[in-house]
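Before I ask anything, let me first share the structure, which is written out below as structure tokens.
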């Protein structure tokens with residue numbers, strides 16, 4: 001009897017231990033899966049062939065060029081978590097803790113171009129690789145703790161708007177559609193419990209118009225709103241329920257009652273930064289009816305709310321990048337289109353770029369994988385793409401014309417002779433150095449003439465550089481074209 005009692009006491013403990021072990025294994029599996037998450041990135045490596053050490057051994061220059069290209073892969077991966085300004089401010093500590101250990105963070109190199117000497121006097125190499133995104137995030141989190149730095153950018157508290165419509169099934173799709181405040185309030189209550197902000201699109205649009213100082217400003221606000229998906233919220237949850245009114249006669253009393261039967265309901269969630277429908281579902285309930293319309297609407301709100309949990313929105317907020325179509329109007333020739341692609345590849349916020357179509361009399365099309373996923377998208381694109389390119393060209397030749405959903409339009413215009421302008425641009429260092437940290441410029445640039453060119457684009461970084469000395473074929477067109 002004592003033995004059986006002891007066994008009865010031990011077995012549950014053993015089961016608990018096994019459960020704990022199983023949970024630990026599951027947790028480690030999830031952690032391992034997150035750590036193994038990868039992202040494909042393209043980058044450009046640079047080297048100054050005028051450095052004294054390269055005069056004795058050209059092989060060292062190629063090794064350094066390849067090393068810089070791989071380091072840029074990791075820097076771009078870091079840029080998916082760290083704001084550009086924060087990255088530059090903390091370049092030294094991030095370099096020591098992450099960039100110098102980039103080899104373990106790169107899963108594989110997919111392709112790399114042949115090195116070439118550019119008209120800017122620098123050696124160039126393009127590389128595309130698969131980077132362990134989880135490893136980068138883990139390293140940043142550890143560094144933030146030890147260095148007491150808040151490096152990883154907050155995904156923010158998302159703004160969610162809701163709209164639930166009720167339709168009379170008997171009246172078809174053309175009429176009988178109205179908003180249900182009851183169902184919407186159930187959704188709002190749940191999202192508020194998650195800690196998210198509930199946003200009223202109707203009120204925000206009215207506020208934008210009412211606060212505009214003049215009609216032109218109002219139009220400008222509307223244009224900006226259209227560029228951000230025409231909505232002020234990050235996500236919109238849309239639901240629709242179809243009801244059918246039934247007449248029921250009680251046999252005992254002969255009293256006639258109304259019942260409301262739910263014939264179908266749909267729900268979808270839209271990411272307003274991209275216009276992407278990130279979730280959608282249809283349901284056809286069986287034998288579901290209510291004697292009271294308000295009770296029916298309350299239940300509909302609960303059903304739609306049950307489709308979402310807190311993690312759903314966090315997963316989409318933490319996506320490292322977004323893809324948009326970039327249309328560039330006015331590129332004078334195909335060679336300029338290739339030059340534009342190369343400059344995009346070098347920029348920190350651009351993870352990948354594909355030159356899809358060239359049109360001398362219209363828009364040339366690029367598909368861009370961009371790491372600026374939150375905040376004011378127009379400001380981010382203007383600050384991290386358009387501005388560095390204009391600094392390289394020496395004037396504002398590129399202008400952001402419009403942005404709607406995942407489509408951006410940029411124009412190329414100049415009053416100068418195009419041939420001389422392009423010759424000047426090719427003689428300038430890459431646009432990526434316009435946003436480089438002083439430490440990178442100091443380590444990279446050794447020639448005084450090249451440093452002066454960098455100073456025209458990035459004075460603070462160039463001021464930290466130290467010139468050393470100056471002096472292969474000029475190429476790169478085919479390398480970029482085929483990359």
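The values are calculated or read from the model by the stated rules, or taken from the named source; none is laboratory data. All figures in this text were calculated on a predicted structure; none of them were measured in a lab. Neighbour counts are summed over all protein chains in view; Cβ atoms, including those assigned to glycine, are modelled from backbone coordinates with ideal geometry.
Residues that are surrounded by 14 or more Cβ atoms within 10 Å (Cβ to Cβ), in contact with a helix residue (DSSP H, G or I) (Cβ under 8 Å, 6 or more places away or on another chain), in the same structural domain as residue 177 (by TED's automatic domain parsing) and part of a strand (DSSP E or B): does region 290-310 have at least one?
Checked region 290-310: at least one residue is surrounded by 14 or more Cβ atoms within 10 Å (Cβ to Cβ), in contact with a helix residue (DSSP H, G or I) (Cβ under 8 Å, 6 or more places away or on another chain), in the same structural domain as residue 177 (by TED's automatic domain parsing) and part of a strand (DSSP E or B).
Does at least one position in region 346-364 carry a residue that is surrounded by fewer than 14 Cβ atoms within 10 Å (Cβ to Cβ) and in a helix (DSSP H, G or I)?
no
Out of the residues in region 44-61 that are assigned to a loop (DSSP other than H, G, I, E, B) and more than 34 Å from the chain's Cα centre (by Cα), which is nearest to residue 126 (Cα to Cα)?
Looking at the filtered set, the residue picked out is 49.
Of the residues 450, 380, only one is assigned by TED's automatic domain parsing to the domain that holds residue 334, part of a helix (DSSP H, G or I), at pLDDT below 90 and out of contact with any strand residue (DSSP E or B) (no Cβ under 7 Å at 6 or more places or on another chain); which?
When all the criteria are applied, what remains is 380.
Oh, and also: Considering only region 390-427, state which residues are closer than 22 Å to residue 480 by Cα and within 21 Å of the chain's Cα centre (by Cα).
410
What number of residues in region 101-134 are modelled with pLDDT under 90 and over 30 Å from residue 448 (Cβ atoms)?
Count: 5.
Could you look through region 166-180, keep only residues that are part of a strand (DSSP E or B) and buried (at least 17 other Cβ atoms within 10 Å of the Cβ), and pick out the one that is modelled with the highest pLDDT?
For region 166-180, the residue satisfying everything is 166.
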